[in-house]
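As structure tokens, the structure follows; a few thoughts come after it.
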Amino acid sequence: MGDAPVPSMAASRPSGQVASEIAAARLLAVLWVVSVTTGPWGAAAGGGEESLKCEDLKVGQYICKDPKINDATQEPVNCTNYTAHVPCFPAPNITCKDSGGNETHFTGNEIGFLKPISCRNVNGYSYKVAVALSLFLGWLGADRFYLGYPALGLLKFCTVGFCGIGSLIDFILISMQIVGPSDGSSYIIDYYGTRLTRLSITNETFRKTQLYP
């Protein structure tokens, strides 16, 4: 007697089940390839993540030099359109892309980027001179003549400083830097001296609501 044929396992399963298993195996293979190419191994094979720009370093990862001040204007020497730039040095062992787009490993002595700082537009009007003229010769209108207001200066001269009241008001306004030069420029004041800064509400200065736990 011959041996009876043994049916295979593949033949015993329905064809639809075999097709679904093949599709699942192919899907798993695709997912594995994607995970390898986009995961940490793929990043290492592709050269790693893109280096950070030096301009995007956090506070404490770089230090900037103080600006060089022009003695005549008391503003940074490269002040243009209310903006000046100071050189900044990334901390040692920091790797980032400098202003030229070159990836550099810094030692603390190389310039990484130029940081913009605000500066003022001045046109030769000294704050000290304006205050002194207002205090001693304000009743003659010398302060208004100096700041470029000849009509008000002449009116103060003819009325002796509006009988002293106008001279007192102008002295307060000039001292508080509310009245400035007629051309819209700023006073020349020592860069590291006492300056008044007008605050305004913007997206950066808006006080947000405090959230308490």
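Key figures
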| item | result |
| --- | --- |
| Protection proxy ranking of 137-143, 111-117, 94-100 - average other beta-carbon atoms within 10 Å, highest first | 137-143, 111-117, 94-100 |
| Net lengthening on full extension, Phe136/Leu155 (0.36 nm per residue, minus Cα-Cα) | 5.1 nm |
| Gain on full stretching of the segment that runs from Asn70 to Glu55 - 0.36 nm per residue minus C-alpha separation | 2.8 nm |
| Nonlocal amide H pairs with Val122, under 5 Å, H built at 1.01 Å | Ser186 |
| Straight-distance crosslink candidates among lysines, where the alpha carbon sits under 29 Å from Lys53 and sequence neighbours closer than 8 are dropped | Lys65, Lys68, Lys97, Lys115 |
| Extension gain from Ile22 to Lys128, taking 0.36 nm per residue of separation minus the Cα-Cα distance | 29.3 nm |
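Every read-out reported here was derived from the displayed coordinates using simple, explicitly stated rules and does not represent laboratory data. Quick caveat: nothing in here was measured; it's all calculated off a predicted structure. In this analysis, Cβ positions are derived from the backbone assuming ideal geometry, glycine residues included, and neighbour counts consider all displayed protein chains.
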